[in-house]
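In what follows, a structure is listed as structure tokens, so that the remarks can point back to it.
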Amino acid sequence: MKTVAERARAFEAELKDAGLRVTQQRRLILKVLAEASDHPDAKAIFHRSFEHDPTLSLSTVYRTMKLLEERGAIERHAFDDGVSRYEHADQQHHDHLIDIETGQVIEFSSEEIERLQAKIAAELGYDIVRHRLELYGRRKG
Ligand SMILES: [Zn+2]
């Protein structure tokens with residue numbers, strides 16, 4: 001697993017490879033993004049960055065994140081509310097459980113589920129290339 005600084009540098013390299021100039025503002029966005037571990041949406045990244053640079057615009061955040069997504073550096077999720085949320089693409093595969101009351105996103109992984117999915121796909125004559133599994137739940141009262 002990469003450190004925050006390593007992630008921020010890797011994001012920077014992606015922007016440079018894409019021919020983008022890494023401005024102070026973009027560097028700030030990349031740092032905030034590298035620090036995030038809660039599947040934030042673009043607005044959350046904007047608010048966290050805005051605290052450090054009030055001249056920042058939301059569209060700069062959107063553009064930066066779109067580019068990183070296109071380059072495979074971050075992964076986009078559209079959970080039930082339809083809002084795009086992002087996480088680092090360099091993590092171990094995992095699935096998500098979304099708390100429908102708080103919106104909290106909980107990560108989990110299960111060897112058993114992975115095996116079962118591979119088995120089902122094989123029975124249907126397929127190799128799995130990728131999958132997404134989202135559970136929506138309410139905390140037991
Ligand atoms: Zn995740």
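The values are calculated or read from the model by the stated rules, or taken from the named source; none is laboratory data. None of these values were measured; they are calculated from a predicted model. Note that we place each Cβ from the backbone using ideal geometry, even for glycine, and neighbour counts take in every protein chain shown. When the accessible area is computed, the model is the full protein with side chains, heavy atoms only, and any ligands, DNA or RNA have been set aside. Shrake-Rupley method; radii C 1.70, N 1.55, O 1.52, S 1.80 Å.
Here are some notes:
- The packing ranking of peptides 28-37, 113-122, highest mean first, is 28-37, 113-122, where packing means the average number of other beta carbon atoms within 10 angstrom of each residue.
- A122-E35 FRET efficiency (beta carbon distance; Förster radius 41 Å; 0.05 resolution): 0.55
- On full extension, the segment bounded by S84 and E51 gains 9.7 nm, given 0.36 nm per residue less the C-alpha separation.
- Think of each Lys and Arg Cβ as +1 and each Asp and Glu Cβ as -1; about the Cα centre, that makes the dipole of the range 23-125 roughly 720 debye.
- Pairs of lysines in the chain (C-alpha under 19 Å apart; 8 or more residues apart or interchain): 6
- In the chain, the inverse of the mean reciprocal separation of distinct Cα atoms equals 16.7 Å; this is its Kirkwood hydrodynamic radius.
- Choice from R48, R63, R130 with maximal GNM fluctuation in the chain (Cα, 10 Å cutoff): R130
- I74 long-range amide H proximity, modeled H, under 5 Å: E69, A89
- Farthest toward the positive end of the dipole of the range 4-88, out of A10, S37, V22, is the Cα of V22, where the dipole comes from beta carbon charges about the Cα centre.
- The heavy atoms of F50 offer some 80 square angstrom of accessible surface to a 1.4 angstrom probe.
- Mean residue ellipticity at 222 nm, helices only, the chain: -13500 deg cm²/dmol; runs of at least 4 DSSP H residues each add -39,500 (n - 2.57), and the sum is divided by the number of residues.
- Estimated FRET transfer efficiency when R0 is 25 angstrom, pair R139-H77 (beta carbons, to 0.05): 0.75
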